[in-house]
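Everything below concerns the one structure shown next.
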Amino acid sequence: MDLKVIIVDDEPLAIAVIEGYLSRIHGVNVVASFSDGLPAFEFLQDNPIDIMFLDIEMPQLTGIELVRSLRNPPVVIITSANRDYAIEGFELNVADYILKPVTFERLLKAFSKAKELLSRRANDLSSNESEYLIFKESKRNVRIKQDDILYFESIKDYVKVVTASRTVITRQSIGSLEQMLDKDKFIRVHRSFIVAVNHVDTFSTSSIEVGDFEIPVGRLFKDEVVKVLERKK
């Protein structure tokens, strides 16, 4: 998939030069260019962008002001004839700061840095999202951090998700839920219960204590439960 790029610069020649260089890089789509920060800000409210080439000194909204005004800014490469803003720019976590006139070699180096930063952001997002499970309760989706879950209890066609601070009831079989859970974090202890291994306080062949709750251990599950929990001690 092509990377979506915008260029924000009040010099038409600078925009033309950057567009020309980017046309030589495979997988880049320059979707728009702007001569001031204000129309760029309005565009970014409804259009997700991967990389923004950004001038600093512009009449209505400067490049620095634009980045600060965005809740989730794209990866930014600053292009400026003035080196005085470099420290301020890097404080905003920009990928690179190119002094004009921009050469193709320098732009290519900055673009590589921007792609690396995009990749790190994507990995961080994936890692954060994997910490959560999403359950449908009534007509809403509820995100719960996996490490907060104490246990799951089957109630006919529903499953009760219990944490120390809340309970969510979702329409799902406990068998299908078991298939999607991390086997290192959760263990089936009964036909009606799955518990979080790290929240087990005490256990025996007949019951498990998780926080203030006592969970029964099923006869068919007890050997595996004891083996797994003994390893976790």
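Quick grid of which residues meet (1) within 30 Å of residue 54 (Cβ to Cβ); (2) modelled with pLDDT under 85; (3) in contact with a Leu (Cβ under 8 Å, 6 or more places away or on another chain):
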position	(1), (2), (3)
128	yes, yes, no
137	no, no, no
143	no, no, yes
155	no, no, no
163	no, no, yes
169	no, no, no
194	no, no, yes
200	no, no, yes
Residue match in region 14-33 (condition: within 21 Å of residue 109 (Cα to Cα), in a helix (DSSP H, G or I) and without any contact (Cβ under 8 Å) to a residue 12 or more places away in the chain): yes
The listed residue being over 20 Å from residue 232 (Cα atoms), touching a Lys or Arg at 6+ places or on another chain (Cβ under 6 Å) and β-branched (Val, Ile, Thr), out of 155, 169: 169
Positions within region 178-233 being outside any strand (DSSP E or B), crowded, with 16+ Cβ neighbours inside 10 Å and touching a helix residue (DSSP H, G or I) at 6+ places or on another chain (Cβ under 8 Å), in sequence order: 192, 197, 217, 228, 229
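The values are calculated or read from the model by the stated rules, or taken from the named source; none is laboratory data. All values reported here derive from a predicted model rather than from experimental measurement. Note that each Cβ is placed from the backbone with ideal geometry, even for glycine, and that neighbours are counted across all protein chains shown.
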